[in-house]
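Beneath this line is the structure, given in structure tokens, with notes to follow.
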Amino acid sequence: LSFSQNYDIYVSDAGNFNNQPWQILKFDSSGQNGSVFIDSNLNWPQDILFIEDSNIVLISNLGSNSIKRHDATTGEYISNFTTAVNGPTRMKIGADSLLYVLQWSGNGMVKRFEMDGTYYDDFTDVSVSQSIGLDWDGEGNLYVSSYDGDNVRKFGSDGQDLGLFVTTDLLGPTNIWFDDNGDLLVVDYNGSAVKRFDSDGNYLSDFMTGLLYAEGVQYLPNGDILIGNGNTSSVKRYSG
């Protein structure tokens, strides 16, 4: 899930995982007037990242081991951003202005790229298998979720492994993020909820329920939260 400054909502529709059709859909701010934004040069699409000042949008494609550049206005394919990844899933720009990319396969390291697509380095030296969620805490530590490991691993601001942060109460974590009070929120794909953990990694509660096969998170300007819910082929909206 993503939205541009004019507040259109973009949804990555992976169809039946590694089986077509694949598409990026566009909706207005009320979730109506849907249209196909991109339906070519996709292969099991994952994350959507708009680079507003360059008028491009990056799409990570798990099935083709690539991140593609598209025109942010028209959706037209431009070029490969990189093919130096194995099953890319989530992407975020770090405080160092580098692009951090997770891998579903390959060596399981968090990779960094310059914003022109030039490979920078493997930021981590400990593998996270089927990694599919990342965020930073207030001190700059990086957290990465492992779908098949049912855990969240913590890395220092320099990429040093600081061990497993969450090891219980998860059944396939996908997206993760920190809220304003420092708790970690985890979308639990098979656990039917978004789960809340404290600053020590202890489970506190289910923050959102009524979900199954969920992934993809976006905050709206008013603080509401959109979550992709695979079980019902829908995007659900929750109060923030």
> Taking the simple approach of a point 7 Å from Cα along Cα-to-Cβ for both Asn231 and Thr83, what is their distance in nm?
Replying inline: 4.0 nm
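Computed over the Cα atoms, what is the radius of gyration of segment 147-211 divided by 2.2 N^0.38 Å, N being its residue count? Display every interim value, and only then the final one.
Working: Rg = 11.5 Å, N = 65, 2.2 N^0.38 = 10.7 Å.
Expressed relative to 2.2 N^0.38 Å, the Cα Rg reads 1.07.
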> So what's the gap between the Cα centers of segment 7-26 and segment 195-236, to the nearest angstrom?
Replying inline: 19 Å
>> Explain nothing, just compute: Karplus ³J(HN,Hα) = 6.51 cos²θ - 1.76 cosθ + 1.60, θ = phi - 60°, for every residue of segment 169-178 in order, whole Hz, x for Gly and Pro.
In response: 6, 10, 9, x, x, 10, 5, 9, 7, 9
> Once phi is turned into θ = phi - 60°, what whole-Hz ³J(HN,Hα) does the Karplus curve with 6.51, -1.76 and 1.60 give for every residue of segment 230-235, x standing for Gly and Pro?
Replying inline: x, 4, 10, 6, 9, 10
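Using a probe of 1.4 angstrom, how much of the accessible area of segment 28-68 is carbon and sulfur, in percent?
Working: 630 of 1740 Å².
The nonpolar share, carbon plus sulfur, comes to 36 percent.
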>> Show me the ranking of peptides 198-208, 179-189 by mean Cβ neighbours inside 10 Å, starting with the highest.
In response: 179-189, 198-208
> Can you give the accessible area per residue of the chain, in Å², using a 1.4 Å probe?
Replying inline: 44 Å²
> Any idea how far apart Ser29 and Leu162 come out in nm if each label point goes 7 Å out from Cα toward Cβ?
Replying inline: 3.7 nm
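Going down the list Lys68/Lys154; Lys26/Lys154; Lys92/Lys236; Lys68/Lys236; Lys154/Lys236, which pairs span over 25 Å between their C-alpha atoms? Spell out each step's value before the answer.
Working: Lys68/Lys154 28 Å; Lys26/Lys154 34 Å; Lys92/Lys236 22 Å; Lys68/Lys236 27 Å; Lys154/Lys236 29 Å.
Too far apart for the 25 Å limit: Lys68/Lys154; Lys26/Lys154; Lys68/Lys236; Lys154/Lys236.
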> If each of Asp13 and Ser129 carries a label point 7 Å out from its Cα toward its Cβ, how far apart are those two points in nm?
Replying inline: 3.3 nm
>> Just to check I understand the Karplus step: with θ = phi - 60° and J = 6.51 cos²θ - 1.76 cosθ + 1.60, what whole-Hz values come out for segment 96-106, glycine and proline as x?
In response: 8, 6, 9, 8, 9, 10, 8, 10, 6, 9, x
>> Give me, ordered by chain and number, the residues 5 or more places off Asn175 or on other chains with an amide H under 5 Å from its own placed amide H.
In response: Val187, Gly216
> Once you list every other residue whose beta carbon is under 14 Å from the beta carbon of Lys236, what net charge do they have if Lys and Arg are +1 and Asp and Glu are -1?
Replying inline: -1
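Within segment 147-240, what whole-number % of the accessible surface is contributed by carbon and sulfur, with the 1.4 Å probe and all protein chains included in the calculation?
42 percent
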> For the peptides 27-35, 85-93, 210-218, what is the packing order when you average, over each peptide's residues, the other Cβ atoms within 10 Å and list the highest mean first?
Replying inline: 85-93, 210-218, 27-35
>> Give me the three principal axis extents of the chain from the C-alpha atoms, as integers in angstrom, largest value leading.
In response: 44, 39, 32
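The values are calculated or read from the model by the stated rules, or taken from the named source; none is laboratory data. Computed from a predicted structure; not experimentally measured. Glycine gets a Cβ as well: all are built from the backbone with ideal geometry, and neighbour counts include every protein chain shown. Ligands, DNA and RNA are excluded from the accessible area calculation, which covers all protein heavy atoms including side chains. Shrake-Rupley method; radii C 1.70, N 1.55, O 1.52, S 1.80 Å.
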